[in-house]
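Here's the structure we're looking at; comments come further down.
The values are calculated or read from the model by the stated rules, or taken from the named source; none is laboratory data. None of the values given here were measured: they were computed from a predicted structure. FYI the Cβ positions are ideal-geometry reconstructions off the backbone, even for glycines, and counts take in every protein chain you see. Only protein heavy atoms, including side chains, enter the accessible area calculation; ligands, DNA and RNA are left aside. Shrake-Rupley method; radii C 1.70, N 1.55, O 1.52, S 1.80 Å.
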Amino acid sequence: MGALVDGVNHIAVLTTDMERFIRFYQEAFDATVEHDDRNHAGHTGERMVIMSIGERSELNVFEVPGNTQARIQTPMFGRGRIDHFGLNASSRETFEHIRVRL
């Protein structure tokens, strides 16, 4: 078995202005919106957008009413705003192997 992972699958972030976020990544990096759910997980007003930022990487962007975390400005190397990230397994078999390890 080779490398267990072969890159980052996605990074989840929070925003208070989804339209601005989308526009910035489209204009700066030619990102594309792959999915736009305006009632994410059945939560009215909670929006989740999946943006493709390359062949195999994406941003999962959340706008959550009442959540103020996206407004907090944290110094570099302080506790930041990345909620979670996903790693690409190099194959389905490797994914299952990692899952058993976890």
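How much of the accessible area of the chain, probe 1.4 Å, is carbon plus sulfur, in whole percent? The value for the chain is 52 percent carbon and sulfur by accessible area. In the chain, the DSSP-assigned H stretches of four residues or longer account for a calculated mean residue ellipticity at 222 nm of -6500 deg cm²/dmol, using -39500 (n - 2.57) per stretch and the full residue count as denominator.
The relative contact order of the stretch 9-102, computed from alpha carbon pairs under 8 Å that lie at least 6 residues apart in sequence, is 35 percent.
Normalised by 2.2 N^0.38 Å, with N the number of residues, the alpha-carbon radius of gyration of the stretch 21-67 equals 1.19.
Each residue, Phe95 and Val5, gets one label point 7 Å from its Cα in the Cβ direction; the gap between the two is 1.5 nm. Taking amide H as placed 1.01 Å from N in the peptide plane, Asn88 has its amide H under 5 Å from the amide H of Asp6, Gly7, Val8, Asn9, each at least 5 places away in sequence or on another chain.
Among the listed values [x] 38, 31, 21; [y] 44, 31, 29; [z] 56, 39, 22, the one computed from these coordinates for Cα extents along the principal axes in Å is [y].
Accessible surface area normalised per residue over the stretch 1-41 is 67 Å², counting heavy atoms of protein chains with a 1.4 Å rolling probe. Toward the positive end of the charge dipole of the chain, with +1 on the Cβ of Lys and Arg and -1 on the Cβ of Asp and Glu, the farthest Cα among Val8, Thr74, His97 is that of Thr74.
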